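Down below is the structure, laid out as structure tokens.
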Amino acid sequence: MAIEYLKRGKSDADRAEDDAKTRAVVEATLKDIETRGDTAVRELSENFDNYSPASFRLSQQEIDDLIAQLSDRELADIKFAQEQVMNFARAQRASMTDIEVETLPGVILGHKNIPVQSVGCYVPGGKFPMVASAHMSVATASVAGVPRIIACTPPFQGKPNPAVIAAMHLGGAHEIYVMGGIQAIGAMALGTETIDPVHMLVGPGNAFVAEAKRQLFGRVGIDLFAGPTETMVIADETVDAEICATDLLGQAEHGYNSPAVLVTNSRKLAEETLSEIDRLLGILPTADTARVSWQDYGEVILCDSYDEMLQVADEIASEHVQVMTDRDDWFLDNMTCYGALFLGPRTNVSNGDKVIGTNHTLPTKKAGRYTGGLWVGKFLKTHSYQKILTDEAATLIGEYGSRLCLLEGFVGHAEQCNVRVRRYGGINVPYGAPAPYRDAAE
């Protein structure tokens, strides 16, 4: 194997040090929110967003006034994108059915898919107003039937962003708050004097938002660890440097710590992409952000073969994977660890981010090894149930259960079974004794 790094990002040790600093800040901030509630939230909003309204929750009149600031074209575009997301979510929801089966005569087993009862949706927006994130979380939760959906987004340039608020409202949010960062995550999960806590948190965010969700997991449910954006381009000589560089920088502009990785088996494409990135950074309006991200987190990995490219890609388990090769479907068939795939040069990560209909809240930091992204199923809990309808079934299951409980030493468990055997089967089982074995021939 001859995997060669033509460019490396920050070392794992440096990244771990950054994570440790973030962890300490988040822990102290969440403790403050839990102790001082609304007062702490307001101070944090003043300090980080220079924003301190009479109420962080928008009234219906304020929502209507903000939506009225949008042009007809802007509103139509938001509705179009939201409908694509909801259409796919509806199709996914239809694939999840309640079931009930009779596994033995008189033994009924089943499960029900029940919506989470309250969800807090975080929509990033401090640097860029992430309109599409409202579709991904709020609208998808609405399709799932969540009865209480609250949404938080930071102020953009000192005030609520009309497009984000419109997307939240149209998506089905029942409460909308203009607050961001750790204070929004903490307020939704822990509750304050004016905000009832939720059962689950969803939505992407920066490193502090992701860490806050991680620390709160268990106290509330979360969708996944969706931290800073990651992108990977898997390419061979069927495409050129311009499209590769554009796809890498198109995601690197998200923030200062957004990994962007090129995996290729073409040294020519790798070297030309590096040059093209330098050229684009000279004209990209968001280059101040993208340049830092590329410098610290960008990587170019040269492989000998497609098998090596596949291995590297699965090891990195990137959030977004753009595949542009002569065998795109081969990668679809064989890749196992990623957030979402974007196959062929005609599609791109921005399609998924904004409009095509798949959900853009995806696993980062290698979480793609054990989970997929946010989808309608994340808002549903699958709960099982069982019932026994006949004396014969109660006796049969009770006899097996009695013996298996005593095999493990659980006498009390066995008696739960034995009392049914005595009552419904008329079999005298001494207290704490196993039920007798009845040969099938009997």
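The values are calculated or read from the model by the stated rules, or taken from the named source; none is laboratory data. The structure displayed is predicted, hence computed values, not measured ones. Cβ sites come from the backbone with ideal geometry, for glycine too, and all protein chains shown count toward neighbours. Heads up: the accessible areas ignore ligands, DNA and RNA and are worked out on the full protein's heavy atoms, side chains in. Shrake-Rupley method; radii C 1.70, N 1.55, O 1.52, S 1.80 Å.
Would you pick out the residues in region 221-250 that are part of a strand (DSSP E or B) and either over 25 Å from Gln311 (Cβ atoms) or open to solvent by 20 Å² or more (accessible area, probe 1.4 Å) (or both)?
Our first condition is that a residue be part of a strand (DSSP E or B); within region 221-250, this holds for 221-222, 231-235.
Answer for region 221-250, where residues must be part of a strand (DSSP E or B) and either over 25 Å from Gln311 (Cβ atoms) or open to solvent by 20 Å² or more (accessible area, probe 1.4 Å) (or both): Gly221, Ile222.
Out of everything in region 345-391 that is open to solvent by 50 Å² or more (accessible area, probe 1.4 Å) and without any contact (Cβ under 8 Å) to a residue 24 or more places away in the chain, what residue ends up being nearest to Met200 (Cα to Cα)?
For region 345-391, the residue satisfying everything is Tyr370.
Please state which one of Leu201, Leu216 is touching a residue at least 12 places away in the same chain (Cβ under 8 Å), surrounded by fewer than 24 Cβ atoms within 10 Å (Cβ to Cβ) and either in contact with a strand residue (DSSP E or B) (Cβ under 9 Å, 6 or more places away or on another chain) or of a type in the set (S, T, N, Q) (or both). If you could, list the steps in order and put the result at the bottom.
Working: Leu201 fails: surrounded by fewer than 24 Cβ atoms within 10 Å (Cβ to Cβ).
None of the other options fit; the residue is Leu216.
Looking at region 37-54, which of its residues are open to solvent by 60 Å² or more (accessible area, probe 1.4 Å) and either part of a helix (DSSP H, G or I) or among the basic types (Lys, Arg) (or both)?
Thr39, Arg42, Glu43, Glu46, Asn47, Phe48
I'd like the residue in region 185-220 that is of a type in the set (Gly, Ala, Ser) and either part of a loop (DSSP other than H, G, I, E, B) or touching a Ser or Thr at 6+ places or on another chain (Cβ under 8 Å) (or both) and, out of all such residues, is nearest to Leu30 (Cα to Cα).
Taking region 185-220 first, the residues of a type in the set (Gly, Ala, Ser) are 186-187, 189, 191, 203, 205, 207, 210, 212, 218.
Right, trim to either part of a loop (DSSP other than H, G, I, E, B) or touching a Ser or Thr at 6+ places or on another chain (Cβ under 8 Å) (or both) and you get 186, 191, 203, 205, 207, 210, 212, 218.
Values: Gly186: 6, Gly191: 11, Gly203: 18, Gly205: 16, Ala207: 15, Ala210: 13, Ala212: 8, Gly218: 14 Å.
Looking at the filtered set, the residue picked out is Gly186.
Go through (1) surrounded by 20 or more Cβ atoms within 10 Å (Cβ to Cβ); (2) free of Cβ contacts under 8 Å to residues at least 24 places away in the same chain; (3) within 28 Å of Asp19 (Cα to Cα); (4) not acidic (Asp, Glu) for Phe342 and report which single condition fails.
(3)
Here is a list: Leu332, Leu362, Leu302, Leu310. Which entry is closer than 15 Å to Cys244 by Cα and of a type in the set (A, V, I, L, M, F, W, C)? Walk me through it before giving the result.
Details: Leu332 fails: closer than 15 Å to Cys244 by Cα; Leu362 fails: closer than 15 Å to Cys244 by Cα; Leu310 fails: closer than 15 Å to Cys244 by Cα.
None of the others qualify; the one that does is Leu302.
Got a sec? Which of Ala13, Ala68 is of a type in the set (A, V, I, L, M, F, W, C) and over 30 Å from Pro162 (Cα atoms)?
On the way: Ala68 fails: over 30 Å from Pro162 (Cα atoms).
None of the others qualify; the one that does is Ala13.
Could you list, in sequence order, all residues of region 245-278 that are in contact with a helix residue (DSSP H, G or I) (Cβ under 8 Å, 6 or more places away or on another chain) and among the charged types (D, E, K, R)? It would help to see each step written out before you state the result.
Step one: of region 245-278, the residues in contact with a helix residue (DSSP H, G or I) (Cβ under 8 Å, 6 or more places away or on another chain) are 245-265, 269, 272-273, 275-277.
Within region 245-278, Asp247, Glu253, Glu272, Glu276 qualify.
Counting only residues that are outside any helix (DSSP H, G or I) and touching a residue at least 60 places away in the same chain (Cβ under 8 Å), which one in region 3-36 is farthest from Arg291 (Cα to Cα)?
Initial filter on region 3-36 (outside any helix (DSSP H, G or I)): 3-11.
The next check asks that each one be touching a residue at least 60 places away in the same chain (Cβ under 8 Å); those that pass are 3-10.
Details: Ile3: 25, Glu4: 22, Tyr5: 19, Leu6: 17, Lys7: 14, Arg8: 14, Gly9: 12, Lys10: 14 Å.
Per the criteria, the residue is Ile3.
Residue check, Phe56 against (1) within 21 Å of Met179 (Cα to Cα); (2) of a type in the set (Phe, Trp, Tyr); (3) at pLDDT below 95, all met but one. Which one?
(3) is the only condition that Phe56 fails.
Determine, yes or no, whether Leu332 is open to solvent by 20 Å² or more (accessible area, probe 1.4 Å) and closer than 30 Å to Pro430 by Cα. Break it down stepwise before answering.
Values: open to solvent by 20 Å² or more (accessible area, probe 1.4 Å): yes; closer than 30 Å to Pro430 by Cα: no.
Answer is no for this residue.
So Gln157 passes all but one of these: (1) farther than 20 Å from Asn113 by Cβ; (2) in contact (Cβ under 8 Å) with a residue 12 or more places away in the chain; (3) of a type outside the set (Ser, Thr, Tyr). Which condition number does it fail?
Here Gln157 meets the rest and fails (2).
Looking only at region 130-146, decide whether some residue is more than 18 Å from Thr361 (Cβ to Cβ) and either open to solvent by 50 Å² or more (accessible area, probe 1.4 Å) or out of contact with any Cys (no Cβ under 7 Å at 6 or more places or on another chain) (or both). Walk me through it before giving the result.
Taking region 130-146 and keeping what is more than 18 Å from Thr361 (Cβ to Cβ), we get 145.
Remaining after also requiring either open to solvent by 50 Å² or more (accessible area, probe 1.4 Å) or out of contact with any Cys (no Cβ under 7 Å at 6 or more places or on another chain) (or both): 145.
Within region 130-146, one or more residues are more than 18 Å from Thr361 (Cβ to Cβ) and either open to solvent by 50 Å² or more (accessible area, probe 1.4 Å) or out of contact with any Cys (no Cβ under 7 Å at 6 or more places or on another chain) (or both).
Just to be sure, is Gly401 over 39 Å from the mean Cα position of the chain (by Cα), more than 30 Å from Ser95 (Cβ to Cβ) and not in a helix (DSSP H, G or I)? Even if it seems obvious, please write down each step before you answer.
Numbers: over 39 Å from the mean Cα position of the chain (by Cα): yes; more than 30 Å from Ser95 (Cβ to Cβ): yes; not in a helix (DSSP H, G or I): no.
No.
Could you say which residue among Ala167, Ala184 is open to solvent by less than 10 Å² (accessible area, probe 1.4 Å), within 22 Å of Phe48 (Cβ to Cβ) and at pLDDT 95 or above?
The unique qualifying residue is Ala184.
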